[in-house]
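The values are calculated or read from the model by the stated rules, or taken from the named source; none is laboratory data. Every value quoted in this text rests on a predicted model; they were computed, and no experiment measured them. Heads up, the Cβs are rebuilt from the backbone with ideal geometry, glycines too, and the neighbour counts pull from every protein chain shown. Side chains are part of the model used for accessible areas, which takes the heavy atoms of the whole protein and leaves out ligands, DNA and RNA. Shrake-Rupley method; radii C 1.70, N 1.55, O 1.52, S 1.80 Å.
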Amino acid sequence: MKYALLLALAAALAAEDRFTRELEETARVASVMVDGDVCRRIVTARAMDYLLRTDPKDRFLAGDNYDVNAEAFHSVKKTLIRLSRLVPFPADANLWMPVPGHPDKVRIVIRNANELSQFWPWGALYQDMIPEMKTVLETGRRLTVTRKPGWVSALAPVRDSLGDIVALVEVASQRSLNPRENVK
Amino acid sequence: MQIRFLLFYVSLCVQGAELRLWPEYLRAGPDGDVVAADRVTAADSAPKTVRVARAGYASLQVAVGLRSPGEYTFRVHSPLQADVFREWYHRLEKDQVWYPDALVPVKLPHTARLPDPDNRIGNQRVQAYWVDIWVPAGTQPGEYPLTFALESAEGNAEAAVKVRVLPSVIPDQDAVVIDHNSYGSSWIGDIYPGEHARNGTDFYRSDAFFRLIHAYHRIFYEHRGVFHQLGYGHAGKVGPEFAPALAGTGRNKHIASWDLYDRHYGPLFDGSAFRGSRRGERPIPFAYLPINPEWPASYLWWGEPGYEAEFGNVVSEMERHFREKGWTHTRLELFFNHKKRYMGFPWDGDEVRFLKDDRYFKEYGGMFGNAVPKDSPVRFVFRADTSWTMEQQSKELAGIVNMWICSDGILSWYPGVAREMKRRGDIVWFYSGPPPVTQAAAKVTEFPLQAWLWGIDGYVHWLTVSAGADPWFRFDGGGTALVYSGERFGIEGPIPSIRLKVQRNAVQDLALLDSFQTRRPVAELRAEAARRFNGSKPEDWWNPRPAIADRPPIEWTNEEMDAASAGTRKMLRGTRPDAWENVHAFVMQLAEELQ
């Protein structure tokens, strides 16, 4: 009986390891596959100009002016979808980018169909920099974050043609998925 | 001015027990005083007779008062059918005052205590009840008594009113559609924790879950309204009961299971969800489809042949399924709710601001047309919610989009746009939200009246089922709720609100008023309704076209748009609690004259 329990525990741990490894491996591939130059072209210059603007008389100012270049968006999103399909369970590959001139801020740029992210507060155009993301953006190291129970996010840097780190990919999943979360 | 209901004190009490009758538009607090929002109305000179057309409701409120804490029994006697509800006093988190709104059904005779131990108001002196009198279409016209009796240790009291049933019959079909919107279904588990726990992890596949969904449709239907649940998120995630399950990819993509979808929508599309209701079994008139840029076709194939293959396969199967089931009465809405600011897709489906995004509507219109037989009896519509670019979209997407949900502020500049959409047979609604309880009781009637005065088809309350974490003692005012969970009161389903009842009564009046246009010019009816409501003219409900309308919409600021709609807002700022009562009196007067 004791051995059976130990075996079951070992199997569960191994499965958990596989879960994390699958996401980490996909993140590693993402660093190679996602084109940093195209990422830089996604959000329009006009939208970036509005991104941090606030107006007490117009609380939707930045959101109402948010816009993207469709071709760049399509291209990167399709790559992200393909990456998420490397994982044999539901996962999303999300694109995050820094906010130029504001090293303490970060923004999500592309989300995907399972609406999974460990970091995005629903609806935010930008948010405070996540320390682990800062590390990835500054050092180019891949990191795995398990801050929320049941969540795993593998973070990987994205470089442009000059070799600069311009973005990162979050490959995220939850061990127990809620099929109705974020259906809104 | 003729007031519908009694407002006079009729008490035969000899010691301290009292019964007080109130019209539907004056809400009293637990201290017995009219709430601040309704206080502007003079509270006397009321008639003693209630007039009601057949196939409709008459409503009034009865307040039980005791001088000291104690038990009482409340009875209602009438040959007509009376539904009685205890009014719940919500404590507003912001102002720490009490407003009645949720209506808890009670069985008669009803025995209770004052103060109500559940409502937990230490100095509660009064408990109000909402009374709906239902008058079926076959009721013999004439006068019927309606009496209320109170028994308590302090003494007994009685009050009476006459109900005059007119020969007129309120039409089944409404002159305006009132839509009550919601998003997803996870909130159902949240506000029915007991039912959720009883069904465990299977809750969202249980019969109890689908009964609850149907109960929401039913409560809005019984209040002459429509209920919508959007079943997908801004990046395309679809809730399992909102779409058939899919399998395969590319040319092999197909529907694998209708199980959850049919359990959800089958009783709504064939009307059986409304069996036993007073309005009878009838298919719901509208429902969202789950189609979005990520469903049924994977966004991975956007711009490639595989996208239209996946889209066409599944949409064709859906059309065939609906046709074979005979689900051909409901308008099924192809609708894109996503906004690019939520980072799922590179174009706005909801409220297009950038004109370049219209091209996606054209592409989907084309793909949809290719997937559905031209002679299909299934009633698909292409819906767009529109604001900034309304004027341009109404032309650019004419013949593609045929259901428009318009920003009321912006539509108010464009009477010609509304006319043109209606001329070509499109469905036109405007959107808004429920007024909080702190606004005058008649505030909720502005929307149906506005839609009818504008000559359009209806309006949408954008969110109507979200009453907050604690609507009972830390209430946010109800700006996103017109019904409440009944679980606290042992009811596994929603319970109505005073605002929902007031709205229903206005909509039934409009249905009757609109039917009079066979005998009076509609312009005359509209002019008089507007005058009675607030002394306005129909043209006052439109705003002049502002200068910003001639600039590109991406240059407009919200401040400029607000300023451009200030005229109508100002006109409606002073809506009195009895504003609808005056319109009702007009409708009843016409019903008596024209019968």
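Summary of computed values
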item: Single residue of the range A:85-95 satisfying the filter (within 10 Å of chain B (Cβ to nearest Cβ), open to solvent by less than 30 Å² (accessible area, probe 1.4 Å) and not acidic (Asp, Glu)) that is farthest from residue A:178 (Cα to Cα); result: A:95
item: Hits in the range B:292-317 - residues which are touching a Gly at 6+ places or on another chain (Cβ under 9 Å), assigned to a loop (DSSP other than H, G, I, E, B) and at the interface with chain A (Cβ under 8 Å from one of its Cβ atoms); result: B:294, B:298
item: Residue tally, condition part of a loop (DSSP other than H, G, I, E, B) and open to solvent by 20 Å² or more (accessible area, probe 1.4 Å), over the range A:53-74; result: 8
item: Long-range neighbours under 9 Å by Cβ, at least six apart or interchain, first residue over 15 Å from residue B:391 (Cα atoms) within the range B:540-564, second among the acidic types (Asp, Glu) and open to solvent by 20 Å² or more (accessible area, probe 1.4 Å); result: B:557/A:55; B:558/A:55; B:559/A:55
item: In the range A:110-142, the residues that are crowded, with 19+ Cβ neighbours inside 10 Å and not in a loop (DSSP other than H, G, I, E, B); result: A:110, A:132, A:133, A:136, A:137
item: Among (1) in contact with a Phe, Trp or Tyr (Cβ under 7 Å, 6 or more places away or on another chain); (2) surrounded by fewer than 21 Cβ atoms within 10 Å (Cβ to Cβ); (3) in a helix (DSSP H, G or I); (4) of a type in the set (Asp, Glu) - the single one residue B:581 does not satisfy; result: (2)
item: Residue in the range A:100-107 that is of a type in the set (Val, Ile, Thr), more than 10 Å from chain B (Cβ to nearest Cβ), more than 23 Å from residue B:338 (Cα to Cα) and under 16 Å from the mean Cα position of the chain (by Cα) present; result: no
item: Conditions (1) within 7 Å of another protein chain (Cβ to nearest Cβ); (2) over 18 Å from residue B:352 (Cα atoms); (3) open to solvent by 10 Å² or more (accessible area, probe 1.4 Å); number of the one not met by residue A:77; result: (3)
item: Residue, farthest from the other protein chains (Cβ to nearest Cβ), within the range B:348-359, restricted to residues that are open to solvent by less than 10 Å² (accessible area, probe 1.4 Å) and touching a residue at least 40 places away in the same chain (Cβ under 8 Å); result: B:349
item: Residue identified as outside any helix (DSSP H, G or I) and either open to solvent by 20 Å² or more (accessible area, probe 1.4 Å) or in contact with a His (Cβ under 6 Å, 6 or more places away or on another chain) (or both) among B:320, B:251, B:263, B:279; result: B:279
item: Subset of the range B:200-244 (residues that are aliphatic (A, V, I, L, M), within 21 Å of the chain's Cα centre (by Cα) and away from every other protein chain (no Cβ under 14 Å)); result: B:215, B:219, B:226
item: Filter pass, residue A:130 being of a type in the set (Val, Ile, Thr) and within 14 Å of chain B (Cβ to nearest Cβ); result: no
item: Selection count where residues are in contact (Cβ under 8 Å) with a residue 60 or more places away in the chain and in a strand (DSSP E or B), scope the range A:143-180; result: 18
item: Hits in the range B:157-189 - residues which are open to solvent by 10 Å² or more (accessible area, probe 1.4 Å), outside any loop (DSSP other than H, G, I, E, B) and closer than 21 Å to residue B:223 by Cβ; result: B:168, B:169, B:177, B:183, B:187
item: The one condition in (1) of a type outside the set (Asp, Glu); (2) buried (at least 21 other Cβ atoms within 10 Å of the Cβ); (3) within 27 Å of residue B:480 (Cα to Cα) that residue B:432 fails to fulfil; result: (2)
item: Members of the range B:461-475 that are open to solvent by 40 Å² or more (accessible area, probe 1.4 Å) and among the aromatic types (Phe, Trp, Tyr); result: B:462
